[in-house]
Amino acid sequence: MYIIIAGAGTIGQDIIKILVDNKHNVVVIDIQIAACQTVHTETGALAICGNATDLSILQQAGAKNADLLLCLTRLDSDNIACALLGRSLGIPRVIARLHNPHYEDSYKLAGVTTIVRVADLLINRILTEIEQPRVRSIMTLGKGKAEVFAIKIPRDAKSIGIRIKEITQNSKFPGECVFMGIYKEKSDEFFIPRGDHMIHEDDMIFLTARKEYINQVADILTQKKFRLWPISFKK
């Protein structure tokens, strides 16, 4: 994809590196010369030093060919102005970082197709770490009503050797939870599981569920096997 990124701060630079590594055609706009130099040196992406709220700068960045505009500037007002101009130049998709929730309606009116609330993501991640330490939060869905999350299967879990279809058929397993993927760290493999797939030790299981069911799912997948300890009798 041809992607224009407005704003090369800390988050922006991390995203730029990933997108370039994934072979996307990336053009970056930032008002700071140092940021532009860093981006170009570290990623090879074209970096334009200028204001992303300037129509001519967006045109110079190739807006007419862009598939996506990513607004990551330091101010909501700049993100809104950039999005508005980008849409007027025909860019079909605009993703923007929202700083102040009071501006959400303004982002929508400016034509932003996806609004990312970084503060919400951070809060949800912290709460997950506090309330559900066995769970690794990936992202929130539906304004926090559901989550994509991951659970690593411990070596003494009862779920080891059990097929996914058997787990989902368990009356205690919530119907509003879906297995999305499994990552095997040792072999560096990721695949989409089917019902006949068997759970193995150290599998990283990716799921999506409503928030109120996450602990229940974690209990089922990580519950320890019952062990009978040998009893010695004194003579």
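The values are calculated or read from the model by the stated rules, or taken from the named source; none is laboratory data. Here the structure is a predicted model, which is why all the values come from computation and not from measurement. Because the Cβ atoms are built from the backbone with ideal geometry, glycine has one as well, and the counts that use them run over all protein chains shown.
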Exercise for review: Test each condition in (1) of a type outside the set (Phe, Trp, Tyr); (2) in contact (Cβ under 8 Å) with a residue 60 or more places away in the chain; (3) out of contact with any Asp or Glu (no Cβ under 6 Å at 6 or more places or on another chain) for Val39 and report the one that comes out false.
Suggested key: (2)
Review point. Quick one: how many residues across segment 19-44 are modelled with pLDDT under 95 and touching a His at 6+ places or on another chain (Cβ under 9 Å)?
Key: 0
Exercise for review: Among the residues of segment 60-88, count how many are touching a residue at least 60 places away in the same chain (Cβ under 8 Å) and either part of a loop (DSSP other than H, G, I, E, B) or not assigned by TED's automatic domain parsing to the domain that holds Val28 (or both).
Suggested key: 6
Check your understanding: Do we have any residue at all in segment 47-62 that's within 23 Å of the chain's Cα centre (by Cα), of a type in the set (A, V, I, L, M) and surrounded by fewer than 22 Cβ atoms within 10 Å (Cβ to Cβ)?
Key -> no
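Being touching an Asp or Glu at 6+ places or on another chain (Cβ under 9 Å) and either of a type in the set (Asp, Glu) or exposed (fewer than 15 other Cβ atoms within 10 Å of the Cβ) (or both) is the filter here, so list the residues in segment 162-173 that pass it. Show your work before the answer.
Going residue by residue through segment 162-173, those that are touching an Asp or Glu at 6+ places or on another chain (Cβ under 9 Å) are 163-165, 172.
If the condition is that a residue be touching an Asp or Glu at 6+ places or on another chain (Cβ under 9 Å) and either of a type in the set (Asp, Glu) or exposed (fewer than 15 other Cβ atoms within 10 Å of the Cβ) (or both), then Lys165, Lys172 are the ones that fit.
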Check your understanding: On the given criteria, is Glu176 at pLDDT below 90, within 26 Å of Thr140 (Cβ to Cβ) and not polar (S, T, N, Q)?
Key -> no
Check your understanding: out of contact with any Phe, Trp or Tyr (no Cβ under 7 Å at 6 or more places or on another chain) and surrounded by 10 or more Cβ atoms within 10 Å (Cβ to Cβ): does that describe Glu176?
Key -> no
